[in-house]
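Some notes on the structure that comes next.
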Amino acid sequence: MSAAAIEGDRSVCRVQECEMGNLVADAMLARVADQGVQIAIANSGGLRASIDAGEVTMGEVLTVLPFQNTLATFQISGQGVIDALENSVSQVAEVAGRFAQVAGLKYTWDPKVAPNEGRIVEVLVAQNGGYAPIDPAALYSVVTNNYVRNGGDGYKMFRDGLNAYDYGPGLEVVLAEFMAAQGSYEPYLDGRISVK
């Protein structure tokens with residue numbers, strides 16, 4: 001059940017924070033938070049539809065997430081996360097599917113900087129009820145999908161992740177169960193992705 005329409009259009013989700021991106025990233029992170037996972041990264045290319053207000057069917061969930069991707073967890077340095085976010089914003093002008101929707105972190109990027117030349121201005125990771133600057137040298141636990149974890153959409157830095165496990169539940173199952181647990185889901189934006 002959704003209290004309002006959930007925006008998932010590619011023209012929105014591939015260039016900025018979007019409601020569907022927040023929902024999917026939140027659902028991914030919630031599923032594995034008890035394993036110590038801190039950050040979720042969802043490629044916008046994996047989000048294929050919006051959801052209307054009202055009852056949400058499994059068919060609708062499968063329209064949003066049609067690729068049968070599975071949850072994948074791994075560990076990577078803070079620098080690896082920053083590199084991943086640089087990749088995320090490297091093809092915004094082309095409205096490419098690599099644009100990252102996230103949970104457990106906030107990032108700010110500068111479109112005036114050339115791609116892969118330092119567009120990522122700030123990365124903050126959720127901790128102790130607030131946010132702290134990411135530590136490039138520290139190791140972080142990340143959840144994404146198996147396609148991205150294996151280097152899809154330009155995320156080649158994830159292929160070298162430590163303790164990788166690509167065989168979690170299907171993303172569509174994770175989303176459906178997360179929404180069911182919410183009762184009536186309220187779509188939202190909270191400024192987790194911003195432009196300088």
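A short reminder: the numbers here are calculations on the coordinates, not readings from a lab. Because the structure is predicted, anything quoted here is derived from the model rather than measured. All Cβ positions, even for glycine, are placed from backbone atoms using ideal geometry, and neighbour counts span all protein chains on display.
How many residues, within the stretch 16-56, are assigned to a helix (DSSP H, G or I) and either touching a Lys or Arg at 6+ places or on another chain (Cβ under 7 Å) or polar (S, T, N, Q) (or both)?
Of all residues in the stretch 16-56, those assigned to a helix (DSSP H, G or I) come to 19-35, 44-46.
Now narrow it down to the ones that are either touching a Lys or Arg at 6+ places or on another chain (Cβ under 7 Å) or polar (S, T, N, Q) (or both): 22, 35, 44-45.
Residues that pass the stated criteria total 4.
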* Which of (1) surrounded by fewer than 20 Cβ atoms within 10 Å (Cβ to Cβ); (2) in contact (Cβ under 8 Å) with a residue 12 or more places away in the chain is the odd one out, the single condition Leu65 does not satisfy? -> (1)
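Mind checking whether some residue in the stretch 90-101 is touching a Leu at 6+ places or on another chain (Cβ under 9 Å), basic (Lys, Arg) and surrounded by 14 or more Cβ atoms within 10 Å (Cβ to Cβ)? Break it down stepwise before answering.
From the stretch 90-101, those touching a Leu at 6+ places or on another chain (Cβ under 9 Å) are 97, 100-101; that's our starting set.
When the remaining residues are screened for being basic (Lys, Arg), the result is none.
There is no residue in the stretch 90-101 that is touching a Leu at 6+ places or on another chain (Cβ under 9 Å), basic (Lys, Arg) and surrounded by 14 or more Cβ atoms within 10 Å (Cβ to Cβ).
Looking only at the stretch 62-121, count how many residues are in a helix (DSSP H, G or I) and among the charged types (D, E, K, R). Spell out how you get there, then give the answer.
Of the residues in the stretch 62-121, the ones in a helix (DSSP H, G or I) are 62-64, 78-88, 92-94.
Of the ones still in play, those that are also among the charged types (D, E, K, R) are 83, 86, 94.
Qualifying residue count, the stretch 62-121: 3.
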* Of all residues in the stretch 112-125, which are touching a helix residue (DSSP H, G or I) at 6+ places or on another chain (Cβ under 9 Å) and surrounded by 13 or more Cβ atoms within 10 Å (Cβ to Cβ)? -> Pro115, Asn116, Arg119, Ile120, Val123, Val125
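So how many residues does the stretch 1-36 have that are among the β-branched types (Val, Ile, Thr) and surrounded by fewer than 22 Cβ atoms within 10 Å (Cβ to Cβ)? Lay out the reasoning, then the answer.
Kept after step one, since they are among the β-branched types (Val, Ile, Thr), are these residues of the stretch 1-36: 6, 12, 15, 24, 32.
Then drop every residue that is not surrounded by fewer than 22 Cβ atoms within 10 Å (Cβ to Cβ), which leaves 12, 15, 32.
Residues that pass the stated criteria total 3.
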* To do: Please go through the stretch 1-15 and pick out each residue that is in contact with a helix residue (DSSP H, G or I) (Cβ under 6 Å, 6 or more places away or on another chain), assigned to a loop (DSSP other than H, G, I, E, B) and more than 11 Å from Pro187 (Cβ to Cβ).
  => Arg14, Val15
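Among what's in the stretch 180-196 and is among the hydroxyl-bearing types (Ser, Thr, Tyr) and assigned to a loop (DSSP other than H, G, I, E, B), pick the residue that is farthest from Ser2 (Cα to Cα). Full working, then the answer.
We begin by selecting, within the stretch 180-196, every residue among the hydroxyl-bearing types (Ser, Thr, Tyr); these are 184-185, 188, 194.
Those left that are additionally assigned to a loop (DSSP other than H, G, I, E, B): 184, 188.
Values: Ser184: 5, Tyr188: 11 Å.
The selected residue is Tyr188.
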* To do: Can you work out which of the residues in the stretch 161-179 that are more than 16 Å from the chain's Cα centre (by Cα) and aromatic (Phe, Trp, Tyr) is surrounded by the most Cβ atoms within 10 Å (Cβ to Cβ)?
  => Tyr165
* **In the stretch 123-154, the residues that are closer than 23 Å to Val24 by Cβ and part of a strand (DSSP E or B)** => Val123, Leu124, Val125, Ala126, Gln127, Tyr131, Tyr140, Ser141, Val142, Val143, Thr144, Asn145
